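First comes the structure, then the notes that go with it.
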Amino acid sequence: MRFALHLKHDPQDALMQASRNWQVQRGPWDARVYLEAALAARDARAAAPVLTFLRQTKLQDPVVESLVQDLARLESSGQGAS
């Protein structure tokens, strides 16, 4: 995922990989990568499974929280629709 996002500069591929990974592995690092991919792909709605997980688990991580805020701004600007 990080290879697709940071080296290939392919946010759509990174988002697809993050989504697949999320089906089997859900930890703070996985949430972070998924949110980063959703932001890079400018697809705030794609992050819905992670946002639900964060609400349910009450996970607190400064980097994750910052990414969530960035996604909220993206969506409120009307640019984050899938």
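Pairs of Cα atoms under 8 Å, at least six residues apart: use those to get the relative contact order of the range 2-76, whole percent.
29
Using Cβ contacts closer than 10 Å as the measure, can you line up Val24, Val33 from fewest to most? Each step should come with its number before you reach the end.
Details: Val24 7, Val33 22.
Least to most surrounded, the residues fall as Val24, Val33.
Under the 0.36 nm per residue contour assumption, what length would be gained going from the current alpha-carbon distance of Arg73 and Ala48 to full extension?
So the chain would gain 7.5 nm between Arg73 and Ala48.
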* Label the chain by shape, choosing from rounded, prolate and oblate, from the square roots a ≥ b ≥ c of the eigenvalues of the Cα gyration tensor; if a/c is under 1.5 it is rounded, and otherwise prolate applies when a/b is larger than b/c, oblate when it is not. => oblate
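The numbers here are math on the coordinates, done by the rules we state, and not lab data. Here the structure is a predicted model, which means the values were calculated and not measured. Heads up, the Cβs are rebuilt from the backbone with ideal geometry, glycines too, and the neighbour counts pull from every protein chain shown.
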